[in-house]
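The values are calculated or read from the model by the stated rules, or taken from the named source; none is laboratory data. Here the structure is a predicted model, which is why all the values come from computation and not from measurement. So basically every Cβ, Gly included, is an ideal-geometry build from the backbone, and we count neighbours across all protein chains shown.
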Ligand SMILES: [Zn+2]
């Protein structure tokens, strides 16, 4: 038995053929044209053709997979087969399942990309020995996925588990969702970069300037961590603030759910333990409501990298 998962990103479609153990045994990707005039039909056709090619190249047919799992970069409604909307793609209430099935007659399961990543980590990655897990993906935005007693929690309408929009700085900066001070605005890689640029302006001698070749637009999350490694005081201050806000978000999640594990994923999670995981644990453990309880939530790093989305999508119906 094989599974097929596709991860729809803002710039490309990545498909993988996954075996029962969760290993991607073949993969294929194509770019996505977000400006296509008939985006709905175009996307469904691309997804179906990617599926057909991947099966064909591996001597398989649609009868060898139970369904196609698709992870979408925004809220979706798996029950009704709808891709509701996406911040980076021209999508509004797209009937993705129906359009896909017009091309290829096979069951289709839909999941939000952050939830798919959580399911992937839960099945074969950092969450595999636990029954409850929350994945926090620290990328361009902040995505969260919740697994409770082995099941993905997506709310009554499929739009739940949006931990990126918990408010951690009331009255703070405006978020794309319309509220102010959301976790995503501060804990995303974009948030870290924004904080670093603000602080650099007050410190012309900061190592951040030379690592960024003197230009604010060259600052990346990696540069901030590298400067902090070199003990640059401004970078250390920025990271201190970043870990602080990250800890507030983790505490909200832990207090609400007390999952066995919180898994950190996304580009930022590639930072060294000494700069990210250790100070985060130090600031989070013992400040939650389970001070006097056992067992306690542990915070660990994700293990599957960018593959989590494909693997989770593949397992959406399994
Ligand atoms: Zn928000």
>> If I ask for residues that are crowded, with 21+ Cβ neighbours inside 10 Å and over 17 Å from residue 202 (Cα atoms), which ones from the range 226-242 would you list?
In response: 242
> Which of (1) in contact with a strand residue (DSSP E or B) (Cβ under 7 Å, 6 or more places away or on another chain); (2) buried (at least 19 other Cβ atoms within 10 Å of the Cβ); (3) closer than 22 Å to residue 176 by Cβ is the odd one out, the single condition residue 92 does not satisfy?
Replying inline: (2)
>> Suppose we keep only residues that are outside any helix (DSSP H, G or I) and near the ligand (Cβ under 8 Å from one of its atoms) within the range 168-206. Which one would you say is surrounded by the fewest Cβ atoms within 10 Å (Cβ to Cβ)?
In response: 178
> Given the conditions (1) over 20 Å from the mean Cα position of the chain (by Cα); (2) away from the ligand (no atom under 16 Å from the Cβ), which single one is not true for residue 158?
Replying inline: (1)
>> Looking at the structure I just gave you, is residue 121 assigned to a helix (DSSP H, G or I), in contact (Cβ under 8 Å) with a residue 24 or more places away in the chain, within 11 Å of the ligand (Cβ to nearest atom) and surrounded by 14 or more Cβ atoms within 10 Å (Cβ to Cβ)?
In response: no
> Quick one: what pairs do we get from the range 138-165, first residue assigned by TED's automatic domain parsing to the domain that holds residue 110 and over 30 Å from residue 220 (Cα atoms), second within 16 Å of the ligand (Cβ to nearest atom) and outside any loop (DSSP other than H, G, I, E, B), C-beta under 8 Å, 6+ apart or different chains?
Replying inline: none
